[in-house]
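The values are calculated or read from the model by the stated rules, or taken from the named source; none is laboratory data. Quantities reported herein were computed from a predicted structural model and do not represent experimental measurements. A quick note on method: Cβ atoms are made from the backbone with ideal geometry, for glycine too, and the neighbour counts reach across all protein chains shown.
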């Protein structure tokens, strides 16, 4: 049974059991994730459209892009996802301290992602690969390259915003885990936070090949 | 087989010893502003959307008054552009989309599921405050001069307009977040908090439509958010995402925008259909002719509605191949609406019909929605749309659905659930009179617009050739009549709040589950956990039998 | 509590698979140049990686079908938006826009 002073064990009036409450929280988060998929869908549609209009220029843009930064970030996010998933396993194994460390690791890697991203943006700024009307890259002066880098900035920018929010959420959860808020019986609020983090990872799994690889 | 109620205590007697109503249980402003009770949140939304309805209606009267004469009447052209833009923005996002879901969905859905509240009550309150924030931001933008791009914000003009676009975009974005949170709540509640014994095939039809609406809200609104963000970036930062001068394509905005905005019209009509699906069986004292048809067609509209957005773009420069695909897909969605219309009509057949204000609204809805729906099929025909696109024909079409359909159903719900929400009865005579006046005012306003559009009068035009004037005058006269009728309607309800006679628990003799509770309901809706394992449209039972079965 | 099928060790195996797939994607993306098939291959690998994350990190296997349905429906609508929008652009039969350097001022006066 959850500890009596664990606020998360409070059962809302509308629920008949703790399990229903936990499952409702998880379902609610999965529904929210579906909405996030649609948020990025608009950008994928834009990207796909401009790519079909300017295929050669897009490929040139990709080759011109900072592959090393993007690839390191892919590995960073995959690792952070593992740590987040393991934190849930840790709580289920009654090891909240371990969970807290794992979550801290996730947040740190997320911050690393953002730092690398900032370096990357700085690089682009130096080269003039800015979005839209601000684009002035002398090496690739085409409309298509302009479109490519515009989509690059918008898509990675929105993604970075989500990473930032995710780092905040994961850090907060790390603190709560340390204080024993998540127990083996009651930890849906941890699960839903990690679900959000995994979504951020999945989005990058698709952004990376589209913007860096081919 | 009857499942035993989980609560073993005997039901409380009526009278002073029974639980106080949700209105009386706590008092003071803070108990309202900080409430988790879905019924109180519903009332707060109610007051708010009535205010936004008034605001949108004011813009409408302003622009209709301007259109009385072919040239300037009361305002200049730039102001006129802002009027129709703000009328559209207000009516779509500040009134129609929230209206039935946040007021009647919030109030009735948990009760119809036999639940004590929504799955996430605190989130519900957040949703309300997000709505207020979005409202304040949008209205702030309006007060700062508003915008003149039309509610559709097409680039390149939205890129170039000197008006204050960003606050309006931001406000709508925030409203979108409120909508998504509401959608999460409704879907989770329907899945997780149904009363014991209630199967999916027995949930009330209003719940089905709120559920379908929520699916659209959840899946379409994020795309709107992105489209607004992108034009906001273009306008505010000069990015040029859709600017052809840097390789962009404005039509891509239209794809993203309409991917949301077409399903959005189903957000506006599905809850209305849900209200009708409750009103008709109740006043016919008969189960729906086919429950499955109405439930399945709800899901049909919710999904197929996503496939049709390109019919708003037939003359925008999309490829004829793509346009053809959209034209064909658009035809399918009409099938589901037709299924509903035939089912409602068949439900009346051999029923024990009681004529009343909500039923009168249904008859108005039936005529106007079918009329508007058929003209929808007409404009979805590519070859015909070339003639009608961007004329008053389209304006008339969508007002027939939005006002003739959605607003009519909103008014039906306002009357139908009035006794349940407030414990009072309104004046039936004034109700019938105001419903008739609303219908008359509506027809006078919008029927001439079909003729105007077919004759070639473009929409969003400030000045026009003199031969169109008589139709414009008719339309404006109708608008004033409609406004008066709506005022009469709401005055009737407002007066009934204080002076209406006390309502019984089930004034209409309905079997739907919300009528098992007292009028108005107590804070937790039911006494204990109700046993709702039977159909909400089973009129073979008497009211007493239903109460006994439910353990209420 | 509800049963969990995914144990910590499964997660680690899935992670190693993810690393391998990412590396494969990198190699294929930088070494091969099959024009339009490039993106099909890299997106297919991305889809497999996503499945691994969904199944072994997000425990989608243990979720009720509504959660899976939500993801499925969202992905279907994404595919719908992308495909019908690209279908428009791809079938307009206009000449491809010339790749010319554009002036630093925009075409429109502000």
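If you check A:130, A:190, A:118, which single one turns out to be on the phi < 0 side of the Ramachandran plot and buried (at least 20 other Cβ atoms within 10 Å of the Cβ)? Let's see the steps before the verdict.
Details: A:130 fails: buried (at least 20 other Cβ atoms within 10 Å of the Cβ); A:118 fails: buried (at least 20 other Cβ atoms within 10 Å of the Cβ).
The match here is A:190.
Checking the structure you have, find out if any residue of region A:92-112 is surrounded by fewer than 19 Cβ atoms within 10 Å (Cβ to Cβ), under 22 Å from the mean Cα position of the chain (by Cα) and more than 30 Å from residue A:148 (Cβ to Cβ). Break it down stepwise before answering.
Taking region A:92-112 as the starting set, the residues that turn out to be surrounded by fewer than 19 Cβ atoms within 10 Å (Cβ to Cβ) are A:93-95, A:97-98, A:101, A:108, A:111-112.
From the residues that got through so far, the ones that are under 22 Å from the mean Cα position of the chain (by Cα) too are A:101, A:108, A:111-112.
Subsequent filtering for residues that are more than 30 Å from residue A:148 (Cβ to Cβ) retains A:101, A:108.
There is at least one residue in region A:92-112 that is surrounded by fewer than 19 Cβ atoms within 10 Å (Cβ to Cβ), under 22 Å from the mean Cα position of the chain (by Cα) and more than 30 Å from residue A:148 (Cβ to Cβ).
Looking only at residues that are at negative phi, in contact (Cβ under 8 Å) with a residue 60 or more places away in the chain and not in a helix (DSSP H, G or I) in region B:201-240, which one is nearest to the other protein chains (Cβ to nearest Cβ)?
Only one residue tops the list, namely B:203.
Could you please let me know if residue C:48 is modelled with pLDDT of 90 or more, surrounded by 17 or more Cβ atoms within 10 Å (Cβ to Cβ) and either more than 8 Å from chain A (Cβ to nearest Cβ) or outside any loop (DSSP other than H, G, I, E, B) (or both)? Don't jump to the end; show me each part of the working.
Numbers: modelled with pLDDT of 90 or more: yes; surrounded by 17 or more Cβ atoms within 10 Å (Cβ to Cβ): no; either more than 8 Å from chain A (Cβ to nearest Cβ) or outside any loop (DSSP other than H, G, I, E, B) (or both): yes.
No; evaluated as a whole, the condition is false for this residue.
Which one is farthest from residue A:189 (Cα to Cα) among residues in region A:20-36 that are without any contact (Cβ under 8 Å) to a residue 24 or more places away in the chain and at the interface with chain C (Cβ under 7 Å from one of its Cβ atoms)?
A:34
Being within 30 Å of residue B:550 (Cβ to Cβ) and either out of contact with any strand residue (DSSP E or B) (no Cβ under 9 Å at 6 or more places or on another chain) or at pLDDT below 95 (or both) is true for just one of B:516, B:488. Which residue is that? I'd like the intermediate steps shown before the answer.
Numbers: B:488 fails: within 30 Å of residue B:550 (Cβ to Cβ).
Within the list B:516, B:488, the selection yields B:516.
Of the numbered conditions (1) crowded, with 18+ Cβ neighbours inside 10 Å; (2) at the interface with another protein chain (Cβ under 7 Å from one of its Cβ atoms), residue C:75 fails exactly one; give the number of that condition.
Unmet for residue C:75, out of (1) crowded, with 18+ Cβ neighbours inside 10 Å; (2) at the interface with another protein chain (Cβ under 7 Å from one of its Cβ atoms): (1).
Within region B:508-544, work out how many residues are surrounded by fewer than 17 Cβ atoms within 10 Å (Cβ to Cβ) and within 16 Å of residue B:286 (Cα to Cα).
6
Residues that are part of a helix (DSSP H, G or I), in contact (Cβ under 8 Å) with a residue 24 or more places away in the chain and within 12 Å of the chain's Cα centre (by Cα): does region A:186-194 have at least one?
Of all residues in region A:186-194, those part of a helix (DSSP H, G or I) come to A:188-194.
Those still in the list that are in contact (Cβ under 8 Å) with a residue 24 or more places away in the chain too: A:188-194.
Within this subset, residues satisfying the condition of being within 12 Å of the chain's Cα centre (by Cα) are A:193-194.
Within region A:186-194 (the criterion being part of a helix (DSSP H, G or I), in contact (Cβ under 8 Å) with a residue 24 or more places away in the chain and within 12 Å of the chain's Cα centre (by Cα)), the answer is yes, since at least one residue qualifies.
Would it be correct to say that residue B:318 is under 24 Å from the mean Cα position of the chain (by Cα) and buried (at least 20 other Cβ atoms within 10 Å of the Cβ)? Spell out how you get there, then give the answer.
Numbers: under 24 Å from the mean Cα position of the chain (by Cα): no; buried (at least 20 other Cβ atoms within 10 Å of the Cβ): yes.
Considered against the rule, which asks whether it is under 24 Å from the mean Cα position of the chain (by Cα) and buried (at least 20 other Cβ atoms within 10 Å of the Cβ), residue B:318 comes out as no.
Go through B:189, B:152 for me and flag whichever is touching a residue at least 60 places away in the same chain (Cβ under 8 Å) and within 30 Å of residue A:17 (Cα to Cα).
Numbers: B:152 fails: within 30 Å of residue A:17 (Cα to Cα).
Being touching a residue at least 60 places away in the same chain (Cβ under 8 Å) and within 30 Å of residue A:17 (Cα to Cα) holds for just one of B:189, B:152, which is B:189.
For region B:158-175, how many residues are within 10 Å of another protein chain (Cβ to nearest Cβ) and in a helix (DSSP H, G or I)?
Keep residues of region B:158-175 that are within 10 Å of another protein chain (Cβ to nearest Cβ), which gives B:159-160, B:162.
Filter once more, so that each one left must be in a helix (DSSP H, G or I): B:159-160.
Total meeting the criteria: 2.
Might you check whether a residue that is away from chain A (no Cβ under 14 Å), over 17 Å from residue B:169 (Cβ atoms) and over 23 Å from the mean Cα position of the chain (by Cα) occurs anywhere in region B:93-111? Outline the logic, then answer.
Taking region B:93-111 as the starting set, the residues that turn out to be away from chain A (no Cβ under 14 Å) are B:93-105, B:107-108.
The next check asks that each one be over 17 Å from residue B:169 (Cβ atoms); those that pass are B:95-96, B:98-105, B:107-108.
Next, only the ones that are over 23 Å from the mean Cα position of the chain (by Cα) stay: none.
No, that holds for no residue.
Considering each residue of region B:331-376, count those that are assigned to a loop (DSSP other than H, G, I, E, B) and surrounded by 14 or more Cβ atoms within 10 Å (Cβ to Cβ), and give that number.
Our first condition is that a residue be assigned to a loop (DSSP other than H, G, I, E, B); within region B:331-376, this holds for B:349-356.
When the remaining residues are screened for being surrounded by 14 or more Cβ atoms within 10 Å (Cβ to Cβ), the result is B:351, B:353, B:356.
The number of residues fulfilling the criteria is 3.
Hey, can you tell me all the residues within region B:161-186 that are more than 21 Å from the chain's Cα centre (by Cα), in contact (Cβ under 8 Å) with a residue 12 or more places away in the chain and surrounded by fewer than 24 Cβ atoms within 10 Å (Cβ to Cβ)?
Answer for region B:161-186, where residues must be more than 21 Å from the chain's Cα centre (by Cα), in contact (Cβ under 8 Å) with a residue 12 or more places away in the chain and surrounded by fewer than 24 Cβ atoms within 10 Å (Cβ to Cβ): B:161, B:163, B:164, B:166, B:167, B:170.
I'd like the residue in region B:133-152 that is touching a helix residue (DSSP H, G or I) at 6+ places or on another chain (Cβ under 7 Å) and not in a loop (DSSP other than H, G, I, E, B) and, out of all such residues, is surrounded by the most Cβ atoms within 10 Å (Cβ to Cβ).
That would be B:138.
Just need a number here: residues in region A:52-75 that are more than 24 Å from the chain's Cα centre (by Cα), buried (at least 23 other Cβ atoms within 10 Å of the Cβ) and either away from chain B (no Cβ under 14 Å) or at pLDDT 95 or above (or both).
0
When you scan region A:163-178, do you find a residue that is farther than 30 Å from residue A:18 by Cα and away from chain C (no Cβ under 12 Å), even just one?
There is at least one residue in region A:163-178 that is farther than 30 Å from residue A:18 by Cα and away from chain C (no Cβ under 12 Å).
Would you check which residues across region C:15-33 are under 18 Å from the mean Cα position of the chain (by Cα), within 29 Å of residue A:191 (Cα to Cα) and more than 8 Å from chain A (Cβ to nearest Cβ) and list them?
C:17, C:20, C:21, C:23
Exactly one condition in (1) buried (at least 24 other Cβ atoms within 10 Å of the Cβ); (2) more than 7 Å from every other protein chain (Cβ to nearest Cβ); (3) within 22 Å of the chain's Cα centre (by Cα) is false for residue B:254; which is it?
Answer for residue B:254: the failing condition is (3).
Can you tell me which residues in region B:370-386 are touching a residue at least 60 places away in the same chain (Cβ under 8 Å) and in contact with a helix residue (DSSP H, G or I) (Cβ under 8 Å, 6 or more places away or on another chain)? Steps first, please.
Quick first cut of region B:370-386, residues touching a residue at least 60 places away in the same chain (Cβ under 8 Å) only: B:375, B:379-380, B:382, B:385-386.
Passing the criteria: B:375, B:379, B:380, B:382, B:385.
Working carefully through the options B:409, B:396, find the one that is part of a helix (DSSP H, G or I) and either over 21 Å from residue B:313 (Cα atoms) or at pLDDT below 95 (or both).
Values: B:396 fails: either over 21 Å from residue B:313 (Cα atoms) or at pLDDT below 95 (or both).
The conditions single out B:409.
Given the options A:111, A:85, A:99, name the one that is free of Cβ contacts under 8 Å to residues at least 60 places away in the same chain and touching a helix residue (DSSP H, G or I) at 6+ places or on another chain (Cβ under 8 Å).
On the way: A:85 fails: free of Cβ contacts under 8 Å to residues at least 60 places away in the same chain; A:99 fails: free of Cβ contacts under 8 Å to residues at least 60 places away in the same chain.
Sole residue among the options that is free of Cβ contacts under 8 Å to residues at least 60 places away in the same chain and touching a helix residue (DSSP H, G or I) at 6+ places or on another chain (Cβ under 8 Å): A:111.
Quick test of your reading of the structure: residue B:456 fulfils all but one of (1) touching a strand residue (DSSP E or B) at 6+ places or on another chain (Cβ under 7 Å); (2) modelled with pLDDT of 95 or more. Name the failing condition by number.
(2)
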